[in-house]
Amino acid sequence: MSKVSNIMRLALLQLKGSKDKTVNVQNAVSKIEAAVREHQPRLITLPECFNAPYGTKYFREFSETIPDGYTSQQLSNLAKKHQVYIVGGTIPELGENDAIYNTCTVWSPSGDLIAKHRKMHLFDIDVKGGIRFKESETLSAGNDFTTIDVDGHKIGIGICYDIRFEEMARLYRNEGCEMIIYPAAFNMTTGPLHWELLQRSRANDNQLFVVTTSPARDPSAEYVAYGHSMIVDPWAKVQKSASDGEETVVADIDFSLVEQVRQQIPVFSQRRLDLYATARNGQ
């Protein structure tokens, strides 16, 4: 990380999943190894549910504890081995009182678990003629906001459906975040309609980078992911985007762009906080 240029190299790994956890995790391991070897990123991100099929009937079967579970240990070892930060997509977490959460883990270059974000907004939708899905049939919702610090830059963490709730992104902006990372698995109904739109909206509203990492599309899967992992800059321009198959997207993030945009269009300081505000409960 260059303190002068504020440049951070980011790698998004769009991975194809299966019904074999070991195969899924080892695919992630090999892709991380390749990304480090070929691109030397500082931060690597993985998709939502990268170690399991995305489906309510699979969440409990594939769940594991954090940080001592198989998937966590693999990510911890890789982060330490390669001295990188890893935003470990999401996995089904076996939590307290036998509850299951859709959880993102974040690992430091020392191999330590520095953050754990449990999906706050559960994906319960019923689109006529499109898709019906209810995570709440199996999952419990998380209640905590999650931020990490990478080389002096504050990054917020959300998961998939969380991106639809602009208040959450606003609170991260209020806390000084320059980027929000959303491991996500939009589907073939909502993906074409809203995937890019939502990312550009959150980036534009809050003048920060928005990063999403999706599973690769598998037309034979029960839940077909849209793909198109993406990086959107603070101007709400798409900086990089994947297609729909397995792919590694690499970009150099220039955090100085955040401050440039915020200075040139100073909406944050122009808000009428005497009339309206977005704040956490208890503040």
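Readers should treat all values here as calculations from the given coordinates under stated rules, not as data from a laboratory. Predicted model only: the values in this text are computed from it and were never measured. Backbone-built Cβ (ideal geometry, glycine too); neighbour counts: all protein chains shown.
Using only the alpha carbons of segment 1-81, determine the length spanned along each of the three principal axes and report them from longest to shortest in whole angstroms.
49, 24, 20
What is the Rg over Rh value, at two decimals, for segment 54-176, using alpha-carbon atoms and the Kirkwood definition of Rh? All intermediate terms of the calculation are to be shown ahead of the outcome.
Values: Rg = 15.3 Å, Rh = 15.4 Å.
Rg/Rh: 1.00.
At 0.36 nm per residue, and after removing the present C-alpha to C-alpha distance, how many nm does the segment from residue 194 to residue 23 gain when stretched out fully? Working shown, then result.
Working: separation 171, 0.36 × 171 = 61.56 nm, distance 3.08 nm.
In short, 58.5 nm is gained.
Listed here are the pairs 57/237; 134/154; 81/116; 31/154; which of them are more than 30 Å apart at the Cα?
Values: 57/237 37 Å; 134/154 32 Å; 81/116 21 Å; 31/154 26 Å.
The pairs that break the limit, which is 30 Å between Cα atoms, are 57/237; 134/154.
Please list, by residue number, every one of the GluC sites (Glu not before Pro) in segment 218-283 that is coil in DSSP and has at most 11 other beta-carbon atoms within 10 Å.
Details: sites: 222, 246, 247, 259; in loops: 222, 246.
Sites meeting the loop and neighbour criteria: 222.
May I ask for the Kirkwood hydrodynamic radius of segment 174-260, worked out over all distinct Cα pairs and given in angstroms to one decimal? Could the numbers behind the result be given before it?
Values: mean 1/r = 0.0753 Å⁻¹.
Mean inverse Cα-Cα distance, inverted, gives 13.3 Å.
Can you give me the distance in nm between label points at residue 136 and residue 70, each placed 7 Å from the Cα along the Cα-to-Cβ direction?
A separation of 3.2 nm, rounded to one decimal place.
Mind checking the dipole of the chain: about its Cα centre, +1 per Lys or Arg Cβ, -1 per Asp or Glu Cβ, Debye to the nearest 20?
Here the chain has a charge dipole of around 400 debye.
Over what distance in Å are the Cα centres of segment 236-259 and segment 107-131 separated?
20
Could you tell me which residue out of 216, 28, 191 lies farthest along the dipole of the chain toward its positive end? Charges go on the beta carbon: Lys and Arg +1, Asp and Glu -1, centred on the Cα centre.
Of the options given, the answer is 191.
Any chance you could run the full-extension gain for residue 175 through residue 252? It's 0.36 nm times the residue separation minus the Cα-Cα distance, nm to one decimal. Numbers along the way, then the final one.
Values: separation 77, 0.36 × 77 = 27.72 nm, distance 2.35 nm.
Going from the current span to full extension adds 25.4 nm.
How big is the antiparallel share of DSSP beta bridges in segment 8-269, given as a percent to the nearest 5? Display every interim value, and only then the final one.
Details: 33 of 48 bridges.
For segment 8-269, the DSSP antiparallel bridge percentage is about 70.
Starting from the Cα of residue 267, step 7 Å toward the Cβ, then list every residue of segment 215-252 with an amide N under 15 Å from that point.
Counting only backbone N, you get 233-237.
In angstroms, what radius of gyration and Dmax does segment 210-273 have, counting Cα atoms only?
Values for segment 210-273 (Cα only, Rg and Dmax): 16.3, 50 Å.
Can you list the residues, at least 5 places off or on another chain, whose amide H is less than 5 Å from the amide H of residue 146, using H built in the peptide plane?
Answer set, sorted by chain and number: 157.
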